[in-house]
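Working notes, structure below.
The values are calculated or read from the model by the stated rules, or taken from the named source; none is laboratory data. Predicted model only: the values in this text are computed from it and were never measured. Don't worry about glycine lacking a Cβ; one is built from the backbone with ideal geometry, like all the others, and counts go over all protein chains shown. Side chains included, ligands, DNA and RNA excluded: accessible areas come from the protein's heavy atoms. Shrake-Rupley method; radii C 1.70, N 1.55, O 1.52, S 1.80 Å.
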Amino acid sequence: MNASVERRYRPETRLIHAGTMRSQFGETSEALFLTQGFVYDSAEQCEARFKGEEPGYLYSRFSNPTVSMFEARMAALEGAEAARATATGMAAVTTALMGIVRAGDHVVAAKALFGSCRWVVEEWLPRFGVESTLVDGTDLDQWKKAVRKNTKACFLETPTNPTLEVIDIAEVAKIAHSVGAKLIVDNVFATPLLRKPLQLGADVVVYSATKHIDGQGRALGGAILASEKYLKDDLGMFYRHTGPSLSPFNAWLLLKGLETLELRVERQCRTAEALARYLETHPKIERVIYPGLPSHPQYQLAKRQMTAGGTVVAFDIPGDKEACFRFLDSLRLVDISNNLGDSKSLVTHPATTTHSRLKPEERAALGIGDGLVRLSAGLEGEADLLADLEQALATV
Ligand SMILES: Cc1ncc(COP(=O)(O)O)c(C=O)c1O
């Protein structure tokens, strides 16, 4: 399927067919090219490939046919010109940023970020002379005040991990562009199906494909989606020479994951909303955060920029950390794990895991208390999950 044909089809159709390159054997399922290198008919052909005068593969750190299929399918789904696959979501975030900054540049990011993303912005970039400013992502005035002439990138994740803040991508894109900076959006929680950052004005979208895209606990992976120019001119050399590339085996698993992405995400969103509605009426629960509920602080924005509330719910268990741990330890069906977007429902205690690096006052500023629980809805029966929450809540 070529790109113009792909655009005619609905997302669920692109998820099955886009990017497929059949080999001479005519296989139904995408071929897995587990090879590090490629051979050439002649030294002249090898030279032409290295010079870029002849298309073709050179070495799997640069590109590989199975990885190319995954990249093409991701680009078709997102509506991006092109994609580059990475070994993990963090490799995607780091590569996307490192490709465009130099010593003396400046980055602005929302402070409500996944712990590792925040470390990259707050601790890693400054080591190389790239200053960073963290802002409240929901406050547009803070973005406006923070950007400067040397700001090269604005970075945000939305809905945020774990407190599910929804940030206005269209408005932050305008602010970034006013100083010539690029807006990079980590779209992990929304998935490529619920929100389209590029259509809203973002320049670059990054994913941890480890989450919904695999969604079955098997493989780590990541992707960067953007214009051909950005991926070639800004990222090309960094990607080729530092090696954040995705293994062909994981690319193959992720291709299979994409085939069922729409079915899984639709079901997980329905379940997450049902769990959120149940928790909201539970007498022991004071705060439920879910972008699809009118009680969410950015509900109107979520309605405008997302097509559903997402697969994750956050809520506070009353009392101290011990009470919260009692609740977590009492769950029988829902597993304790710091992953999300999986076919199994998973709960995390952000204060002692993903956000444990932050000081207590920094966590408090983000609304991450000792009672906060992040629940990622899986594919189990809704009634079974509700019953599990009910019996675990009886212990607190
Ligand atoms: C919002 C967000 N971005 C990035 C990542 C990093 O992804 P990975 O674990 O695949 O490196 C995560 C993972 O937990 C995440 O939640």
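Would you calculate the volume per residue, in Å³, of the smallest convex hull containing every Cα atom of region 241-326?
Roughly 191 Å³ of hull volume per residue.
For region 104-260, I need the span (max minus min coordinate) of the C-alpha atoms along each principal axis, in Å, sorted largest to smallest.
44, 34, 27
Mind checking region 141-244 for trypsin sites (Lys or Arg not before Pro) that DSSP puts in a loop (not H, G, I, E or B) and that have at most 11 other Cβ atoms within 10 Å?
LYS149
Let me spell out the model: positive unit charges on the Cβ of Lys and Arg, negative unit charges on the Cβ of Asp and Glu, origin at the Cα centre of region 354-396. What dipole size does that give, in debye rounded to 20?
Values: 4 positive and 8 negative charges, 81 e Å.
Using only the charged Cβ atoms, the result is roughly 380 debye.
Taking N as the number of residues in the chain, what is its Cα Rg relative to 2.2 N^0.38 Å?
Values: Rg = 21.5 Å, N = 396, 2.2 N^0.38 = 21.4 Å.
With N residues counted in the chain, Rg over 2.2 N^0.38 Å equals 1.01.
If a/c stays under 1.5 just call it rounded; otherwise compare a/b with b/c (prolate if a/b is bigger, oblate if not). Do that for region 246-396, with a ≥ b ≥ c from the square roots of the Cα gyration tensor eigenvalues.
Values: a/c = 1.42, a/b = 1.36, b/c = 1.04.
Because its axes are fairly even, with a/c under 1.5, region 246-396 counts as rounded.
Counting alpha carbon pairs within less than 8 Å and at least 6 residues apart, what relative contact order, in whole percent, applies to the chain? It would help to have the intermediate numbers written out before the result.
Working: 801 pairs, mean separation 62.7, N = 396.
Normalised by residue count, the contact order of the chain is 16 percent.
Along region 275-282, what does the Karplus equation 6.51 cos²θ - 1.76 cosθ + 1.60 (θ = phi - 60°) give for ³J(HN,Hα), rounded to whole Hz, x for Gly and Pro?
Result, ordered by residue: 5, 4, 5, 5, 5, 5, 9, 6 Hz.
In whole angstrom, how far apart do the alpha carbon centroids of region 143-207 and region 290-338 sit?
For region 143-207 versus region 290-338, the Cα centre distance is 23 Å.
Please work out the average accessible area per residue across the chain, using the 1.4 Å probe convention, and give it in Å².
Values: 16860 Å² over 396 residues.
I get 43 Å² per residue for the chain.
Let's see if you can work this out: charge +1 on each Lys and Arg Cβ, -1 on each Asp and Glu Cβ, no other charges. What is the dipole magnitude of region 311-396 about its Cα centre, in debye to the nearest 20?
Magnitude of the dipole: close to 320 debye.
Under the 0.36 nm per residue contour assumption, what length would be gained going from the current alpha-carbon distance of GLN391 and ARG332 to full extension?
Details: separation 59, 0.36 × 59 = 21.24 nm, distance 0.90 nm.
Net length gain for the segment: 20.3 nm.
Ignoring any ligand, DNA or RNA, what whole percent of the accessible area of the chain comes from carbon and sulfur when the probe is 1.4 angstrom? All intermediate terms of the calculation are to be shown ahead of the outcome.
Values: 8890 of 16860 Å².
Roughly 53 percent of what the probe reaches on the chain is carbon or sulfur.
Any idea what the dipole of region 174-330 comes to, in debye rounded to 20, about its Cα centre with Lys/Arg Cβ at +1 and Asp/Glu Cβ at -1? Let's see the in-between values first.
Working: 20 positive and 16 negative charges, 59 e Å.
Approximately 280 debye in magnitude.
Just want to confirm a number: the relative contact order over region 170-247, from Cα pairs under 8 angstrom separated by 6+ residues, in percent. Intermediate results must be reported in sequence, preceding the final value.
Numbers: 83 pairs, mean separation 17.4, N = 78.
Across region 170-247, relative contact order equals 22 percent.
Based on the Cα atoms of region 62-118, what semi-axes does the equivalent ellipsoid have, where each is the square root of 5 times one gyration tensor eigenvalue, given in whole Å with the largest first?
Values: eigenvalues 128, 37, 28 Å².
Its equivalent ellipsoid spans semi-axes of 25, 14, 12 Å.
Given a cut-off of 27 Å, name the pairs among LYS196/LYS256; LYS229/LYS344; LYS145/LYS359; LYS211/LYS303; LYS174/LYS232; LYS232/LYS359 whose C-alpha atoms lie farther apart than that in the structure shown.
Working: LYS196/LYS256 22 Å; LYS229/LYS344 39 Å; LYS145/LYS359 25 Å; LYS211/LYS303 23 Å; LYS174/LYS232 24 Å; LYS232/LYS359 39 Å.
From LYS196/LYS256; LYS229/LYS344; LYS145/LYS359; LYS211/LYS303; LYS174/LYS232; LYS232/LYS359, over 27 Å: LYS229/LYS344; LYS232/LYS359.
Contact order normalised by length for region 1-136, with contacts defined as Cα pairs under 8 Å and 6 or more residues apart; what percent is it?
Details: 128 pairs, mean separation 26.5, N = 136.
Over region 1-136, the number comes to 19 percent.
Largest first, please: the extent of the C-alpha atoms of region 288-357 along each principal axis, to the nearest Å.
38, 28, 26
In Å³ and rounded to a whole number, note down the convex hull volume per residue for the Cα atoms of region 175-281. If you can, show how the numbers build up before the last one.
Values: hull volume 14.6 nm³, N = 107.
Measuring per residue, one finds 136 Å³ for the Cα hull of region 175-281.
Principal axis extents for region 1-97, Cα atoms only, whole Å, descending order, please.
On the principal axes, region 1-97 reaches 44, 38, 24 Å in Cα extent.
Non-local amide H neighbours of VAL130 (under 5 Å, H modeled in plane, Pro and chain starts lacking H): which ones?
Here GLY104 satisfy the definition.
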